[in-house]
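The values are calculated or read from the model by the stated rules, or taken from the named source; none is laboratory data. Fair warning: this is a prediction, and the values are worked out from it, not measured in the lab. Note that we place each Cβ from the backbone using ideal geometry, even for glycine, and neighbour counts take in every protein chain shown.
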Amino acid sequence: MGRFHRHDDGTVHSHSHDDVAGHSRDGEQGHSHSHDDGVGHSHGDGADHAHSHPHGEEPSQWVGDHSGYGTEVERVEVLERIFSENDAAAAANRAAFDAAGVTAVNIMSSPGAGKTTLLAATLKALRQRAEASGGARVRAGIVEGDIETAIDADRLRGLADQVALLNTGNGFGGECHLDAPMVARALRDLDLEALDLLLIENVGNLVCPAEFDVGAHRKAMVFSVTEGEDKPLKYPVMFKVVEAVVVNKVDLLPYLDFDSGAFLANLAAVNPTARVISASAKTGVGIDEWLDWLTASENQPAGLAANLTA
């Protein structure tokens, strides 16, 4: 059967044994085996044996190679089951939003890109727009996702009509994303009938949140100019799945070597249809354009409350 072990130099190798009894452990009977490179190694049992790296590569080159585990079929089946169950929950969430006439937007970004600051500015601007126009106010709710703490949720309380907090810290290190069952749990703390717009602030991460449908009608991401223009190429899935990219912290551009042209070219290479909104949540630049995108009638599900159109 296949075994993995680690040597004093930190390298990990796999080899085969005919039975469990042949494996030396704490004074048990030693074992011998052979590998392709012919390099001998000595263990506590005094046995010398040789090892080879998969595909003839050094360990640093095959860290992401799971072929040695022999679990490809099981892994695919587990992932398919996870995503199937998630998609069913997402469909149920979306049906609940539609029934209540609520537009749900999944907002994603890396940590520190400015999602919460942008949401605070968004909520303030929605109220100011209603006051200035004399129209009905957009009733906005927040689902706040964080691994730990209520810091961001507390920042938004009093600005949003309703806030539901999701901490994902249970388990090994905490979940790096929100999924549909988590959002379904948050919906139990909200009165959807009393909302027009639900903004879901996902956990800060440029990978996992893009892979899970939470039932939102629209997906947007907040990208900070401090992150570098190469990010669409390094994290293409996130940039591919969103309809809008809010390029935040543009007030810092005079102090950075950020190449805006290169960023737009990289973004177009992975998602040529994404709406790009240049913004500064701190100064208010771009907030009106962002509100226009959020509330545009063509972005809303059928039956949305009429007061969402600005």
Quick count over segment 90-144, residues being out of contact with any strand residue (DSSP E or B) (no Cβ under 8 Å at 6 or more places or on another chain), assigned to a loop (DSSP other than H, G, I, E, B) and closer than 17 Å to VAL222 by Cβ, is 1
Taking segment 228-270 and keeping residues in a helix (DSSP H, G or I), of a type in the set (Phe, Trp, Tyr) and in contact with a Gly (Cβ under 9 Å, 6 or more places away or on another chain) leaves PHE263
What's the number of the only condition in (1) touching an Asp or Glu at 6+ places or on another chain (Cβ under 8 Å); (2) over 12 Å from VAL225 (Cβ atoms); (3) aromatic (Phe, Trp, Tyr) that PHE263 fails to meet?
(2)
For GLY215, the lone unmet condition from (1) under 22 Å from GLU80 (Cβ atoms); (2) over 12 Å from the mean Cα position of the chain (by Cα); (3) not polar (S, T, N, Q); (4) not in a loop (DSSP other than H, G, I, E, B) is (4)
Across (1) free of Cβ contacts under 8 Å to residues at least 60 places away in the same chain; (2) surrounded by fewer than 17 Cβ atoms within 10 Å (Cβ to Cβ), THR168 clears everything bar (2)
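Does GLY204 fit the bill of being assigned by TED's automatic domain parsing to the domain that holds VAL138, part of a loop (DSSP other than H, G, I, E, B) and within 15 Å of GLY114 (Cβ to Cβ)?
Values: assigned by TED's automatic domain parsing to the domain that holds VAL138: yes; part of a loop (DSSP other than H, G, I, E, B): yes; within 15 Å of GLY114 (Cβ to Cβ): yes.
For GLY204, the condition - assigned by TED's automatic domain parsing to the domain that holds VAL138, part of a loop (DSSP other than H, G, I, E, B) and within 15 Å of GLY114 (Cβ to Cβ) - is met.
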For segment 206-236, the count of residues that are surrounded by fewer than 18 Cβ atoms within 10 Å (Cβ to Cβ), under 16 Å from ASP179 (Cα atoms) and among the hydrophobic types (A, V, I, L, M, F, W, C) equals 2
Have a look at SER133, SER110, SER84 and point out the one that is hydroxyl-bearing (Ser, Thr, Tyr) and more than 23 Å from the chain's Cα centre (by Cα).
SER133
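Looking at this structure, is ALA90 in contact (Cβ under 8 Å) with a residue 24 or more places away in the chain, of a type in the set (A, V, I, L, M, F, W, C), surrounded by fewer than 23 Cβ atoms within 10 Å (Cβ to Cβ) and within 20 Å of CYS176 (Cα to Cα)? Please lay out each step first, then the result.
Details: in contact (Cβ under 8 Å) with a residue 24 or more places away in the chain: yes; of a type in the set (A, V, I, L, M, F, W, C): yes; surrounded by fewer than 23 Cβ atoms within 10 Å (Cβ to Cβ): yes; within 20 Å of CYS176 (Cα to Cα): yes.
When the stated conditions are applied, ALA90 passes them.
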